């Protein structure tokens, strides 16, 4: 990244510091008033107006209070995660990494969401931040949570008001970033007597160019063949997301709940590509392409829950879930091949269609019981069953019409189920000491077959997942903690299921049914002093899954990008979180994550690669006169390894200003994102010994400007919220 981009944060910070220092004499808050002249408080109509910090650290996790950030208003949830400490979003690979680890799981309101990885990224891109209360980054979940996901979980807490009567909020955003950006969101809650109804509906649409450049160099027939590929692509992504739920208080100790969720995403792109093929440095062939793509995801999920409280501190929760997904991806490709002089060799029409329906049935039973004043026992059982059918048809136009390419087409069926049981103890042997110990066992059956061959892959395996954490309070301001956990990352369905996506005539992407699950063991120590956090951790992941690794076919002169198991991956991670408050008018938060990374590469000559990378995030918030708030934030991620690929460093600086409108329920926010246009995604592969080189450059995020209007409505009278949780929300309680 050019130097001026990396120093931009310092320059803008200096300007804002000078401006706000000049304004500081005019800022006045109730905190500065003597007790004798502060207004009395009517406890019958309490209004809580304290602003939470954007970042908080609690019990080994980072909490992002989305509504506290000006810059976050009007942003997608994926944009917020990309600016969060230790989070790396891979837009090209539809992946999310936390503290250097791939394989992040997703929770919504504490409930594990089993959506496919690619669908998860689409959903997060379409979720509006104005419907989010907070985000929790949980790198080491306890035994009560699924062991899936070596990087832990991202827990999204949606807004849900505890107030009586009808209340809610709505927002609308309009923006531009080399294309139109617009979204809208409404959140409604009704609470009366024994009934609580809640729901939200959001819509998001983003249209923008996506320029892509790909360079490859391969040995071929004793020489070298180079491909210089450039795509002039325009894409649009539309997402509709909906939730509707009801809780009913049957008795003071019994609650029934039902929740229906669904979303629909539609992604379209069209592109005109140019590809120059050089042999031994001389232009050999010129290829011109015109391609189009349509990708849709449809989803509906139903959850039924019952929670029963018992005398003596016992609680039983039962959940049944049914989840359905359907993915359809038709592609059309046209390529014309020319001599260097401009004469047409030939042209080719190709089309493909991938259809993937996916179903889940999930049942869970969780029980907790207080054993005296110092011990909490939690135990549970969970059964998950899923299956998918992946139909891929690739056809080429010939003299007799469209003909199926059998080498690229397939019809496969995947069936998977796993059973989990767990037990954990939360102990408080002393007032300053807390111990949490848990053990989880999961047994997995996995079977993949085709229309022609059954049991292509048939796996049956069981794993134990211990977890242990010790927290010692040293004094009123400092705490020391130590934790250990073991987790698993199973290959996702889109990593396993074959598909064919042609980048150009010599490069394409596909899944790998032979991928194995990865197991990680992690140990972390942390020290907190007031709101400061210092953490050091080490993890080793065996059979680490690296997505879209290049496989070279020197006979056919092609590169296949697919998933691959590495020998292992070792990570040594240091985290420092530093809040700084100059006064009520100026607050800062700095987060630094340093990662020493070593990846082991299997092959005839095993190898390893090492790299030290850093992730830095900063946010500065200024409270200005006349109900204005100004915010400056930024992040930088240095170069890192993604398997055998090297991702170059990138970062962003964002600005926002919010005006609180007359009254207490409305606000207008103007934001500028990626101000320096510095989020280029560059991935390189370099194997000098084999004369193999690949470089991919894509610009997924452009500079954008957005105007957002938000407003809340309804009853402000605070009423104690019920302690109703679904079984999965009990898991949220266990990780808090």
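The values are calculated or read from the model by the stated rules, or taken from the named source; none is laboratory data. Owing to the predicted nature of the structure, the values given are computational and were not obtained by experimental measurement. Reconstructed Cβ throughout: ideal geometry from the backbone, glycine too, with neighbour counts over all protein chains shown.
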Query raised in the report: Is it the case that residue 513 is within 14 Å of residue 416 (Cβ to Cβ), touching a helix residue (DSSP H, G or I) at 6+ places or on another chain (Cβ under 8 Å) and surrounded by 15 or more Cβ atoms within 10 Å (Cβ to Cβ)?
Result: yes
Query raised in the report: Looking at (1) within 25 Å of residue 216 (Cβ to Cβ); (2) touching a residue at least 60 places away in the same chain (Cβ under 8 Å); (3) in contact with a helix residue (DSSP H, G or I) (Cβ under 9 Å, 6 or more places away or on another chain), which is the one condition that is false for residue 562?
Result: (2)
Report summary line: When region 338-364 is checked residue by residue, the ones that are crowded, with 18+ Cβ neighbours inside 10 Å and under 29 Å from residue 402 (Cα atoms) are 350, 352, 354, 356, 358
Query raised in the report: Inside region 231-260, can you point out the residues that are within 24 Å of the chain's Cα centre (by Cα) and under 30 Å from residue 207 (Cα atoms)?
Result: 234, 235, 236, 237, 238, 239, 240, 241, 242, 243, 244, 260
Report task. Quick one: which residue in 67, 73 is modelled with pLDDT under 80, touching a strand residue (DSSP E or B) at 6+ places or on another chain (Cβ under 7 Å), within 17 Å of residue 127 (Cα to Cα) and surrounded by fewer than 23 Cβ atoms within 10 Å (Cβ to Cβ)? Result -> 67
Query raised in the report: Quick one: would you say residue 461 is modelled with pLDDT of 90 or more and either closer than 30 Å to residue 528 by Cβ or surrounded by fewer than 16 Cβ atoms within 10 Å (Cβ to Cβ) (or both)?
Result: yes
Query - Matching strands (runs of 3 or more DSSP E) fully within region 444-551 where at least 2 residues are closer than 30 Å to residue 229 by Cβ - result: 501-504, 507-509
Query - Subset of region 114-153 [touching a helix residue (DSSP H, G or I) at 6+ places or on another chain (Cβ under 8 Å) and free of Cβ contacts under 8 Å to residues at least 60 places away in the same chain] - result: 121, 124
Report task. Identify the single condition in (1) more than 21 Å from residue 111 (Cα to Cα); (2) surrounded by fewer than 15 Cβ atoms within 10 Å (Cβ to Cβ); (3) touching a residue at least 24 places away in the same chain (Cβ under 8 Å) that residue 282 does not satisfy, given that it satisfies every other one. Result -> (3)
Query raised in the report: Would you pick out the residues in region 404-431 that are under 17 Å from residue 513 (Cα atoms), in contact with a strand residue (DSSP E or B) (Cβ under 7 Å, 6 or more places away or on another chain) and part of a loop (DSSP other than H, G, I, E, B)?
Result: 408, 409
Query raised in the report: Do any residues in region 338-358 that are on the phi < 0 side of the Ramachandran plot have Cβ atoms under 7 Å from those of residues that are exposed (fewer than 13 other Cβ atoms within 10 Å of the Cβ) and assigned to a strand (DSSP E or B), where the two are at least six apart or on different chains, and which pairs are they?
Result: 338/344; 338/345; 339/345
Requested in this report: Scan region 647-678 for residues that are modelled with pLDDT under 90 and under 19 Å from residue 613 (Cα atoms) and report the count.
Outcome: 0
Query raised in the report: If you go through region 124-136, how many residues are modelled with pLDDT of 75 or more and either on the phi > 0 side of the Ramachandran plot or assigned to a helix (DSSP H, G or I) (or both)?
Result: 5
Query raised in the report: If you check 440, 396, 434, which single one turns out to be farther than 30 Å from residue 465 by Cα and part of a strand (DSSP E or B)?
Result: 396
Report task. Determine whether residue 120 is outside any strand (DSSP E or B) and either touching a strand residue (DSSP E or B) at 6+ places or on another chain (Cβ under 9 Å) or surrounded by fewer than 21 Cβ atoms within 10 Å (Cβ to Cβ) (or both). Result -> yes
Report summary line: Among the residues of region 662-684, the number that are touching a residue at least 24 places away in the same chain (Cβ under 8 Å) and in a loop (DSSP other than H, G, I, E, B) is 9
Report task. Please find, within region 183-209, the residue that is nearest to residue 681 (Cα to Cα) out of those that are within 23 Å of the chain's Cα centre (by Cα) and surrounded by fewer than 20 Cβ atoms within 10 Å (Cβ to Cβ). Result -> 209
Requested in this report: Kindly indicate which of 537, 594, 583 is surrounded by fewer than 21 Cβ atoms within 10 Å (Cβ to Cβ), within 22 Å of the chain's Cα centre (by Cα) and within 30 Å of residue 72 (Cα to Cα).
Outcome: 594
